[in-house]
There are 2 protein chains.
Amino acid sequence: MKLSSLKSGGRDGTLVVLDQFGDRAVKVPQIAPTMQSALDHWADVEPELRAVFRLLNQGNLKDAFALDVKQLHSPLPRAYQWADGSAYLPHVELVRKSRGAEVPASFYTDPLIYQGGSDSFISPHDPIELIDEAWGCDFEAEIAVITDDVPMGVSAEDARDHIKLLMLVNDVSLRNLIPAELEKGFGFFQGKPASSFSPAAITPDELGEAWDGGRVHLPIKAYVNGKLFGEPLAGSDMTFDFGQLIAHAAKTRHLCAGTIIGSGTVSNQDRSLGHACIMEKRMLEKLQTGNAVTPFLKFGDKVKIEMLDSSGQSIFGPIEQQVVKYDKLRRAA
Amino acid sequence: MKLSSLKSGGRDGTLVVLDQFGDRAVKVPQIAPTMQSALDHWADVEPELRAVFRLLNQGNLKDAFALDVKQLHSPLPRAYQWADGSAYLPHVELVRKSRGAEVPASFYTDPLIYQGGSDSFISPHDPIELIDEAWGCDFEAEIAVITDDVPMGVSAEDARDHIKLLMLVNDVSLRNLIPAELEKGFGFFQGKPASSFSPAAITPDELGEAWDGGRVHLPIKAYVNGKLFGEPLAGSDMTFDFGQLIAHAAKTRHLCAGTIIGSGTVSNQDRSLGHACIMEKRMLEKLQTGNAVTPFLKFGDKVKIEMLDSSGQSIFGPIEQQVVKYDKLRRAA
C-alpha cells in the first residue's frame with residue numbers, strides 16, 4: 001500500500017491513498033483525515049486503507065483523481081519525532097579518516113542516533129530555502145521508517161514489528177556549521193535544517209523480497225543537476241538494521257506512533273557506486289589529492305533522490321528539490 | 001490567561017481554560033479542541049480564549065467544573081518541537097569545572113541548545129517510569145516558552161514577540177548515561193527521556209512585572225521528598241534570554257507554532273539558594289570534599305517543582321512526580 005499527504009487541508013495536509021504507480025489518488029476522510037491520525041489508530045485503519053488501495057488499483061473508485069506530484073507534501077508534513085541514525089559505518093569511517101581519527105570500537109555495537117527537528121518538513125518538490133551559501137548545503141539520501149507506538153525497552157527483534165511504513169529522506173545538512181556545533185557537545189541543531197521525504201510512504205510488503213524485515217536491499221539513487229551522483233546499495237554495509245535503531249531509540253522512553261527513524265546516509269565500502277551525499281566525495285578527494293574540489297550545493301542547484309524497483313518503476317516517487325536563496329519578504333507575501 | 005489540557009479526549013488531550021487559581025476549568029471546543037489547535041490559529045483564538053478566562057474568573061460560566069489536578073496532562077501532551085537551551089552559565093561552568101575543563105569563550109556569546117524528544121511528554125502528576133536506578137535519574141527545574149510560527153532568521157528582539165505561553169519543565173535526565181552518549185558526538189538521546197511540564201501554560205501578562213519580555217524574575221522551587229532542594233532565581237544569571245534562544249533555534253529553519261523552547265536548568269552564581277538539579281549539588285560536593293554524596297533519584301523518590309507569585313500563589317501549578325520502576329506488563333494491561 002502507498003500513502004501520501006496532499007498539501008491542502010491544513011498544516012497536517014490530507015491523507016490520500018495512492019495507486020501502485022503514484023498516478024492516481026483518493027482522499028479517505030471516512031477512514032482518517034491525516035497521516036498522523038491514521039498512525040494514531042493504525043491497527044484499526046490499516047485494513048480499511050488496504051481495501052481502498054485494492055479498489056483504486058482495480059480502477060473502481062469514482063472519487064479517485066489524477067495526481068500532480070506538486071500537490072503532495074512529505075507524508076507527515078510535521079511529525080512528533082524524527083530520530084536519524086548513522087547506521088552505515090563506511091560513512092562514519094570516512095568522516096573520521098578524513099580528520100585523522102579512529103572509529104571507536106563501540107561504534108560497531110552501539111548505534112549513533114541524533115534527535116532531529118520534526119516540526120516543519122519540506123515538501124518533496126519544494127525548494128530548500130537557504131540564507132547563506134557559505135553554510136555548505138549538502139543532501140543526504142537515506143531511508144526512513146515510521147513506527148506505531150513502541151514500548152520503552154523493546155528488543156531489536158520485536159522492534160521490527162513496529163515498522164509500519166517506509167520513505168526516502170533528504171536529510172539536508174549544512175556542513176560548514178556542523179563542526180563548530182558538534183564541538184559544543186550538544187549535537188546537531190543549526191547544522192540540520194528541515195528535511196524532506198519522498199511523496200509516498202509505503203508498507204513494507206510493497207518491497208517484496210527487497211525487504212528482509214530490517215533492511216531495504218535496493219540501490220538508492222542520488223542526482224545533482226540531473227547527473228547521477230551515486231547509487232549505493234541500501235542493503236549493504238548497514239551495520240545496524242531498523243530494528244536495532246528503533247530499540248536504541250526506545251531504550252529509556254516510549255516512542256509515540258508516527259515516530260520517524262532514519263538510516264543515516266546510505267554508504268558502501270565499495271566506493272565505485274558513488275555517494276549519497278556530497279561530503280563523502282569531498283573527503284575522498286581530500287584523502288586522495290589533498291583537495292576537496294566537488295562544491296556543496298549552490299543557489300539554483302537541483303537534487304533528486306529516488307529508488308527504483310527491478311522493473312525500473314519509482315517505488316516512493318522522487319524527491320526533487322532546488323536550493324534557493326531564502327527571501328523573507330517573498331515568503332511572508 | 002491560564003490554559004491546560006485534560007488527559008481525556010485523545011492523544012492530544014482536551015484544551016481547557018483554567019481560572020486564576022487553577023481551581024476551576026472549562027472546555028472550549030467551540031474555540032479549539034486541543035492546545036496544538038489553539039497554537040496553530042493563535043492570533044484568531046487568543047481573544048476568544050481570553051474572553052472565556054474573564055468570564056470564568058467572574059464565576060459566570062455554567063459549564064465550568066471543579067478541577068482535580070490529576071486530570072491534567074502537560075499543556076502539550078506531545079509537541080512537534082522541544083528544543084532545550086542551557087542558558088544559565090553557572091550550571092555549565094560547574095559541569096565543566098567538576099571535570100577540570102574550561103568554559104570556551106564562545107559559550108558566553110553563542111547559546112547551547114539541544115533538540116529534545118517531544119513525542120510523548122509525561123503528565124505533571126504521573127510517575128517517571130525508569131527501567132534501571134543505576135542510570136542516575138535526576139530532575140532539572142526549568143522554564144519554557146511556547147511560540148507561534150517563527151520565521152527563519154528572526155532577530156532576538158523580534159523573537160520575543162513570538163512567545164505566547166510559558167510553562168515550568170522537569171527535564172528528566174539520566175546522568176550516568178550522558179557522558180558516554182555525549183562522547184559519541186551526536187548529543188543527547190537516551191540520556192534525556194520524556195520530560196514533564198507544569199499543569200498550566202500561562203500568557204506572559206500573568207507574570208506582571210516579573211516578566212521583562214525575555215526572562216522570568218522569580219525563584220523556581222524544587223523539592224525532593226518534600227524537602228526544599230533549591231530555589232534559585234530564574235531572572236539572575238540567565239546569560240541568554242528567551243528571545244536569543246529562539247533566534248538561535250531559528251537561524252537555519254522556520255519554527256512551527258507549538259515549538260517549546262526551554263531555558264535549561266536554572267542556576268545562580270550564588271550557591272546559597274540551592275540547586276534546581278541534583279547533579280549540581282553532587283559536583284559542588286565533589287569539588288569541596290572529593291566525594292559526591294547526595295544520591296540521584298531512587299524508585300519511590302518524589303520531586304516537586306513550582307513557582308509562586310509574591311502572594312504565595314502557585315502560578316503554573318506544581319509538577320509533582322514519583323520515580324517508579326517501569327513495569328512493562330502493568331503498562332500494557
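What the table below lists for this structure:
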quantity	calculated
Residue B:228 being within 22 Å of residue B:138 (Cβ to Cβ) and open to solvent by 20 Å² or more (accessible area, probe 1.4 Å)	yes
Hits in the range B:144-174 - residues which are within 18 Å of the chain's Cα centre (by Cα) and assigned to a loop (DSSP other than H, G, I, E, B)	B:148, B:162, B:171, B:172
Criterion (open to solvent by less than 20 Å² (accessible area, probe 1.4 Å), of a type in the set (Asp, Glu) and in contact with a strand residue (DSSP E or B) (Cβ under 7 Å, 6 or more places away or on another chain)) met by exactly one of A:171, A:241	A:171
Any hit, the range A:112-135, residues being of a type in the set (Asp, Glu), outside any loop (DSSP other than H, G, I, E, B) and more than 9 Å from chain B (Cβ to nearest Cβ)	yes
Residue within the range B:174-185 that is open to solvent by 20 Å² or more (accessible area, probe 1.4 Å), without any contact (Cβ under 8 Å) to a residue 24 or more places away in the chain, within 9 Å of chain A (Cβ to nearest Cβ) and among the hydrophobic types (A, V, I, L, M, F, W, C) present	yes
Criterion (in contact with a strand residue (DSSP E or B) (Cβ under 7 Å, 6 or more places away or on another chain), farther than 24 Å from residue A:170 by Cβ and free of Cβ contacts under 8 Å to residues at least 60 places away in the same chain) met by exactly one of A:33, A:29, A:47	A:33
Count of the range B:132-163 residues which are open to solvent by less than 40 Å² (accessible area, probe 1.4 Å), touching a Phe, Trp or Tyr at 6+ places or on another chain (Cβ under 8 Å) and within 23 Å of residue B:252 (Cβ to Cβ)	7
Breaking point among (1) crowded, with 20+ Cβ neighbours inside 10 Å; (2) assigned to a helix (DSSP H, G or I), for residue B:15	(2)
Residues within the range B:49-63 that are out of contact with any Leu (no Cβ under 9 Å at 6 or more places or on another chain) and surrounded by 17 or more Cβ atoms within 10 Å (Cβ to Cβ), tallied	1
Any hit, the range A:262-274, residues being among the small types (Gly, Ala, Ser), on the phi > 0 side of the Ramachandran plot and either more than 14 Å from chain B (Cβ to nearest Cβ) or in a loop (DSSP other than H, G, I, E, B) (or both)	yes
Matching residues, the range A:75-111, being part of a loop (DSSP other than H, G, I, E, B) and farther than 23 Å from residue A:255 by Cβ	A:99, A:100, A:101, A:102, A:103, A:104
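This table checks each residue for (1) among the β-branched types (Val, Ile, Thr); (2) open to solvent by 50 Å² or more (accessible area, probe 1.4 Å); (3) touching a residue at least 12 places away in the same chain (Cβ under 8 Å); (4) part of a loop (DSSP other than H, G, I, E, B).
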{"position": "A:199", "(1), (2), (3), (4)": "no, no, yes, yes"}
{"position": "A:206", "(1), (2), (3), (4)": "no, no, yes, no"}
{"position": "A:209", "(1), (2), (3), (4)": "no, yes, no, no"}
{"position": "A:213", "(1), (2), (3), (4)": "no, no, yes, yes"}
{"position": "A:236", "(1), (2), (3), (4)": "no, no, yes, yes"}
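The values are calculated or read from the model by the stated rules, or taken from the named source; none is laboratory data. Just so you know, these numbers come straight off a predicted model, no measurement behind them. Neighbour counts are summed over all protein chains in view; Cβ atoms, including those assigned to glycine, are modelled from backbone coordinates with ideal geometry. Surface accessibility is based on the protein's heavy atoms, side chains included, excluding ligands, DNA and RNA. Shrake-Rupley method; radii C 1.70, N 1.55, O 1.52, S 1.80 Å.
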